[in-house]
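The values are calculated or read from the model by the stated rules, or taken from the named source; none is laboratory data. Predicted, not measured: the structure shown is a model, and the values here were computed from it. We place every Cβ from the backbone using ideal geometry, glycine too, and count neighbours over all the protein chains shown.
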Amino acid sequence: MLFTVLAFLVTIGVLVIIHEYGHYRAAVACNVKVLRFSVGFGRVLWTRQRGETEFVVSVLPLGGYVKMLDEREGAVPPALLDRAFNRKPLPQRAFIVAAGPLANLLLAVVLYAVVNWAGVQELRPWIAQPTVDSLAAQAGLHARDEVLAVALVGRDSKSNSEPTWAPIRSMSDLQWQFTQAALNGQDLRLQVSQRAAGQDERSFNVHRTLTLATSQVPASEVDAHLLDRIGLTGPYGEPVVAQAIAGGPAERAGLRAGDRVLQINGQVPSDASHLRQIIGASHDGDQARPIDLTIVRAGQHINVTVTPMMKDVQGQRLARIEAAIGSPPAMVDVQYGAIEGMTLALRKTWDISCMSLDMLGKMVVGQASLKNLSGPLTIADYAGRSAELGWVHYMGFLALVSVSLGVLNLLPLPVLDGGHLMYYLFEGLTGRPISEVWLERLQRGGVAIMLTMMSLALYNDLARLLASH
């Protein structure tokens with residue numbers, strides 16, 4: 001818990017400092033006097049005067065601000081009028097306001113580039129047996145399929161044109177492509193290769209091309225459970241017992257870690273996911289059915305009968321044998337050279353920014369689920385998890401949140417940087433600033449919208465945490 005809190009505070013601290021530093025450096029470049037640079041709000045915990053600027057850390061860490069000399073906030077000595085923010089030309093004021101979000105986007109590019117250069121271990125795009133009658137199963141995907149490349153098809157694509165293939169190096173690449181396709185209402189063409197049973201994991205055959213109907217997934221259902229909706233149950237794993245929980249049905253029946261399941265109720269499980277599906281469905285109503293297993297242990301075939309117990313799993317009553325099923329998933333090292341790593345970092349920052357805006361737009365018009373809004377609890381949870389995986393994973397998480405913060409602040413809401421840019425656009429088009437009356441009305445509306453978004457995000461956070469316990 002303490003580690004998660006520390007990771008969250010570091011995340012917020014870094015992103016706020018970078019954001020406000022963008023405003024600060026732009027103001028200094030435009031010769032605007034900066035009175036205070038604050039990380040946090042409320043009571044001041046630490047302060048230091050550097051030149052003409054006071055740098056402070058305040059008690060509430062969720063944000064920060066840069067206070068500039070401005071006639072609208074107090075009297076300005078005549079000798080300093082030329083250094084007041086409100087006296088600066090419109091392009092300079094717009095530059096100072098936009099510099100904060102742009103600093104967050106630039107930080108994301110740098111962090112993604114560092115991740116690409118350092119390299120990271122990710123799940124290999126080697127899929128488990130899809131669920132019956134799912135989109136993945138209908139497309140012809142099977143256990144042991146590895147996705148090599150994908151191409152978006154449909155909607156704006158020409159039927160006779162050659163698809164543009166994007167290589168897939170990891171499961172996260174594949175999930176990103178699924179998300180893009182579903183949000184755009186397009187199908188996804190897949191190049192896959194299957195490893196034959198019993199072969200070395202580097203030996204593949206049966207290359208083929210399939211089409212996955214991701215256009216059938218409504219944009220309102222694009223969320224963290226998208227892969228489940230498509231029918232992909234996770235990465236491929238061998239059908240072995242990884243651990244038998246003490247006192248559970250599996251241990252009582254004599255199952256041990258390392259036992260490989262050859263048959264279950266007369267069926268040959270294609271992988272760990274398929275084995276888990278059969279076990280979960282081994283019940284009549286609320287009554288579990290005994291399961292007959294044929295396992296191999298130390299070269300010997302052994303027949304075992306396990307009587308499962310019924311448990312509630314995410315709102316469903318399923319049979320469970322209280323054992324961890326599946327070998328560790330295959331991993332792959334993903335690393336890029338200097339130029340390719342930076343190019344991909346720029347592209348990823350752009351793609352995530354566009355997708356974030358698209359998702360927000362779809363949520364506003366009701367085409368995407370509001371459950372995609374996340375708040376501080378979810379950020380804290382993922383900050384802790386990513387930090388536990390290592391600094392490279394944490395850098396990737398920090399980059400993602402930095403993109404989100406940059407995009408959020410560019411939204412045309414009155415209380416955000418994007419709202420101020422909207423005011424300046426009005427001023428540029430009409431030749432006069434927005435009136436104080438309208439400014440106050442818009443600010444109140446902006447506060448109401450932000451409070452609604454924050455409340456909804458916090459509700460989603462609590463719902464996710466309660467569902468996971």
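The single condition among (1) more than 28 Å from Pro239 (Cα to Cα); (2) touching a strand residue (DSSP E or B) at 6+ places or on another chain (Cβ under 6 Å); (3) at pLDDT 85 or above; (4) not aromatic (Phe, Trp, Tyr) that Pro163 does not meet is (3). For the stretch 221-254, which positions are out of contact with any helix residue (DSSP H, G or I) (no Cβ under 9 Å at 6 or more places or on another chain) and over 29 Å from Leu141 (Cα atoms)? Scanning the stretch 221-254 gives Ala246, Gly247, Gly248, Pro249, Ala250, Glu251, Arg252, Ala253, Gly254. Just one of the numbered conditions (1) at pLDDT below 85; (2) assigned to a helix (DSSP H, G or I) is not true of Ser404: (1). Gln191 falls short on exactly one of the conditions (1) surrounded by 16 or more Cβ atoms within 10 Å (Cβ to Cβ); (2) in a strand (DSSP E or B); (3) at pLDDT below 90; (4) not aliphatic (A, V, I, L, M), and that condition is (3).
Counting the residues of the stretch 317-334 that are buried (at least 20 other Cβ atoms within 10 Å of the Cβ) and under 21 Å from the mean Cα position of the chain (by Cα) gives 0.
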